[in-house]
């Protein structure tokens, strides 16, 4: 009998017909997605907050490996599951939950399919010595954007979590708290005072705004106010602006 091994998603065809290179989602991933949709009504993908790269022959030799295996951690997000577990940039991940890691894609797939809150055991090499580190998986995209309703902005701005947009706007690792302006609409209170994407906001009306939850809470509690004093960080400098809501 036939068995489903994947679900077709696209085809690359020079003729525009059904002959060409097909792309499909592996059935194991599809089954996981379906199960989550049935149980939760949404899909949650695990993440640990580490950026990775494949290794080549030279990197394998440097780590005294007989063959090309593993992925190199190039950067660890601040306050991420990876940082909390003790992972460091430069660590080489060899296996995940006992399964060999051959490339970045294989590691990302394993982590994405682990339910948030559960732990993954990573075998790593650090300073040419092997060790095991257990990481509690978080939710991919958690607090990435504001909890404002879809399409809604505040005073002409949309925001994102610092860790999720740090690389997009080259924000230094020394900055630990605040939220990032990801979009500014024209002819709005935000654009009128010169705010722009990449600006970091960490205080409004003398109230600290360390993360997305605190921003959403502030907006809900102060939606009827007419003016807002906002502290902004840009290119290493700090300054204040006043936004008029009305």
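The values are calculated or read from the model by the stated rules, or taken from the named source; none is laboratory data. Computed from a predicted model, the values in this text were never measured in an experiment. Positions of Cβ are backbone-derived with ideal geometry, glycine not excepted, and every protein chain shown enters the neighbour counts.
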Matching residues in the range 59-101 (more than 20 Å from the chain's Cα centre (by Cα) and part of a loop (DSSP other than H, G, I, E, B)) number 11
Scanning the range 119-141 for residues that are free of Cβ contacts under 8 Å to residues at least 24 places away in the same chain and touching a strand residue (DSSP E or B) at 6+ places or on another chain (Cβ under 9 Å), the one nearest to residue 164 (Cα to Cα) turns out to be 119
Looking across the range 109-162 at residues that are modelled with pLDDT of 85 or more, farther than 25 Å from residue 212 by Cα and not in a strand (DSSP E or B), the single one that is nearest to the chain's Cα centre (by Cα) is 110
Regarding residue 242, is this residue more than 15 Å from residue 161 (Cα to Cα), buried (at least 16 other Cβ atoms within 10 Å of the Cβ) and at pLDDT below 95? no
Do we find that residue 204 is farther than 30 Å from residue 70 by Cα, touching a strand residue (DSSP E or B) at 6+ places or on another chain (Cβ under 7 Å) and modelled with pLDDT of 90 or more in this structure? yes
